[in-house]
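First up is the structure itself, then whatever we jot down about it.
Just so it is clear, none of the values below were taken in a lab; they were calculated from the coordinates. Note that this is a predicted model, so its numbers are computed, not measured. Positions of Cβ are backbone-derived with ideal geometry, glycine not excepted, and every protein chain shown enters the neighbour counts.
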Amino acid sequence: MGFYETFVTEAAESYAKLPEETNSLYKKHHVTVGQIPDMQENEKAEIAAMNDFLNANTGRFGTGFDAVIGSSTVLVNNKIVTVGQPKSSENLLNRMMHSSKDDRYTAFINANSKRTIVINVEKGVHQEVKLLFLNHDQPLLSHVFMNAGADSKAKVVEVYASSATKSSTMATIHEISSGDNSTFELDAIHNENAGTTLLSFCKNNLGSHSNFRFNTFYNGSQLARIRNVINATSPGSNVEVNEVVFGSKVQKFDIATQIHNQGRESNASLESKAVLMDTSSCLLKGFAKVLKGASGARSYVHERGILLDRGARVDGLPDMSVEESNVKATHSSATAPIDQETVFYLMSKGIPEIGVKKLIVAGFLGEIISKMHSESARSMAIELINHKLETREFGVLPETNPENAWMFGEEKGRDMFMGHYKYR
């Protein structure tokens, strides 16, 4: 067998053999995904869903999407984005940081993916790329390889939406590399509908004195299982991960993100915030590791949750491993129900209950949302938050309302990353 055939065979065997959770820390703290449904492709229905989505949202993403990725259909409008079959990308798959032996669902994607998306920002180039992943009634499984050359500035915005009428799956493996003195930001907005299970994995490799900011907003899907390992790989490199989870109804989120300091005087931070309603639940499993030799490193894990209803639940499980003595490292976690006295006081001033909740959520999420430097991603997150507060619904895009922009001031956090890095 050739490389690709062996790669797929070994991945299929790993999927069949591996347990739901391979990390010993979380054997008792994970959400079961089970078997992934095998749906038949329907290209005609998928194209119709794509057209409906794009027609309904014309102008909401600035210059539009550079690529629209579906299970059986791909539209590309930018030469910086190339889409191919996994078999034609053996050189990339052979160097993957993700292994089929590490995780059951990584193995499933490796065995069944039909799409390889490659984004390459060349040395010294400043580039922004916008991608739409649109899921219909069959699994959408993708490998996404992103590379930013030395001295480049890259910003990638990803929007995940779905029109699934049956149980289906959205699954993505991200492999991100960037050269020395580069700046890379990835903003991902997840708004899959209730028929979709989300599986997402990300690993990265950074050059010296390079910056990587990873902003994610998890609003959609019936069940989300996230596994990220974000590395401050080289001397002077900086990584910043910001996660927002907003749940309603019976949504379940299982989010395990690791940040690693590997380089001397590197910085790594993870901030996770969850707002939950109804009987939704969330596991926040932030893990920081400072490796031997990362002298002068700084590491920070911060998890916070707000419960808007009694049936909601957030479990914060921060952890840390430090193998070097000359470092600064902290981690913390806290969750609390909404303060009813504050709600009563503000309502006594004439503010309706939904307005009070908007104020509280805006104050809680405002700073972390503002770290998205893409105006379209930030605006979409604002609208999705307001829509869910008002309706408890997810999986559709509400109409843009400029009056809501005040909730998350656009100037906040702009000096935090682009151009230079401030560690907090």
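Is the shape of segment 259-341 best called rounded, prolate or oblate, per the rule: a/c under 1.5 gives rounded, else a/b larger than b/c gives prolate, else oblate, with a ≥ b ≥ c the square roots of the Cα gyration tensor eigenvalues? Present the calculation step by step, with values, prior to reporting the outcome.
Numbers: a/c = 4.02, a/b = 3.13, b/c = 1.28.
Cα axes put segment 259-341 in the prolate bin.
Between rounded, prolate and oblate, where does segment 217-289 land on the alpha carbon gyration tensor, with a ≥ b ≥ c its root eigenvalues, rounded for a/c under 1.5, else prolate if a/b exceeds b/c? Display every interim value, and only then the final one.
On the way: a/c = 3.62, a/b = 3.01, b/c = 1.20.
Prolate, since a/c reaches 1.5 and a/b exceeds b/c.
Extending each Cα 7 Å along its Cβ direction at residue 13 and residue 151, get the distance between those two points in nm, one decimal.
Here the answer is 4.7 nm between the modelled labels.
For residue 336 and residue 375, what is the calculated FRET efficiency with R₀ set at 30 Å and r taken between the beta-carbons, to the nearest 0.05? Provide the component values of the computation, followed by the final result.
Values: r = 32 Å, r/R0 = 1.06.
Taking R0 as 30 Å, the efficiency between residue 336 and residue 375 is 0.40.
Which value, in debye to the nearest 20, gives the size of the charge dipole of the chain about its Cα centre, when Lys and Arg are +1 and Asp and Glu are -1 at the Cβ? Each step should come with its number before you reach the end.
Details: 44 positive and 49 negative charges, 132 e Å.
Here the size comes out at about 640 debye.
If I require 15 Å or longer along the helix axis, counting alpha carbons, and a Kyte-Doolittle average no lower than 1.0, what helices from the chain are left? Use full DSSP H segments. Please report the intermediate quantities before stating the final value.
Working: long enough: 3-17 (21 Å, -0.27); 43-56 (20 Å, -0.09); 353-369 (24 Å, 1.33); 375-391 (24 Å, -0.34).
Qualifying helices: 353-369.
Counting only DSSP beta bridges with both residues in the chain, tell me the antiparallel percent, nearest 5.
On the way: 7 of 137 bridges.
For the chain, the DSSP antiparallel bridge percentage is about 5.
What ranking do 359, 270 get, fewest neighbouring Cβ atoms within 10 angstrom at the top? Can you show the working numbers first?
Values: 359 15, 270 26.
With the fewest neighbours first, 359, 270 line up as 359, 270.
Would you mind counting up the charge near residue 152? Only other residues with Cβ under 15 Å from its Cβ, with Lys and Arg at +1 and Asp and Glu at -1.
Details: positive: 123, 153, 155, 213; negative: 122, 128, 151, 180, 185.
Its environment carries a net charge of -1.
Over segment 3-338, what relative contact order in percent results from Cα pairs under 8 Å that are six or more residues apart? Mind showing how you got there, number by number?
On the way: 976 pairs, mean separation 35.9, N = 336.
It comes to 11 percent, rounded to a whole number.
Could you list 281, 167 so that the one with the fewest beta carbons within 10 Å of its beta carbon is first and the one with the most is last? The partial results should precede the final answer.
Values: 281 19, 167 15.
If I rank by nearby Cβ atoms, fewest first, I get 167, 281.
How long are the semi-axes of the equivalent ellipsoid of segment 136-266, taking √(5λ) for every eigenvalue λ of the Cα gyration tensor, in whole Å from largest down? Provide the component values of the computation, followed by the final result.
Values: eigenvalues 178, 41, 24 Å².
Value: 30, 14, 11 Å, ordered largest first.
How far is it, in nm, from the label point at residue 91 to the one at residue 24 when both lie 7 Å from their Cα along the line to the Cβ?
Those two pseudo-labels are separated by 4.0 nm.
Rounded to the nearest 500, what is the chain's calculated 222 nm mean residue ellipticity when only DSSP H runs of at least 4 contribute -39500 (n - 2.57) each, over all residues?
Working: 7 runs with 85 residues, N = 424.
Result for the chain: -6000 deg cm²/dmol, rounded to the nearest 500.
Would you tally the net charge around residue 201, using a Cβ to Cβ cut-off of less than 10 Å, leaving residue 201 out, and scoring K and R as +1, D and E as -1? Could you put the intermediate results ahead of the total?
Working: positive: 203, 225, 227; negative: 102, 103, 175.
It works out to a net charge of 0.
Under a 10 Å cutoff between Cα atoms, tell me which one of 222, 35, 85 has the largest fluctuation in the Gaussian network model of the chain.
It is 35.
Test of understanding: extend the Cα→C-beta vector of residue 278 to 7 Å, then name every residue of segment 198-233 with backbone N under 12 Å from that spot.
Output list for this probe position: 220-223.
Spin-label point model (7 Å from Cα, Cβ direction): what's the residue 78 to residue 325 distance in nm?
Going from the residue 78 label point to the residue 325 one covers 4.8 nm.
Using a ≥ b ≥ c from the Cα gyration tensor of the chain (square roots of the eigenvalues), is it rounded, prolate or oblate, where a/c under 1.5 gives rounded and otherwise the larger of a/b and b/c decides, a/b for prolate? It would help to have the intermediate numbers written out before the result.
Working: a/c = 1.35, a/b = 1.12, b/c = 1.20.
Note, shape of the chain comes out rounded.
On the first, second and third principal axes, largest extent first, how far apart are the outermost C-alpha atoms of segment 111-175 in Å?
Projected onto its principal axes, the Cα set of segment 111-175 covers 45, 23, 11 Å.
List the lysines whose Cα lies under 26 Å from the Cα of residue 153, skipping any in the same chain that are fewer than 8 positions away.
79, 123, 130, 203, 371, 412, 422
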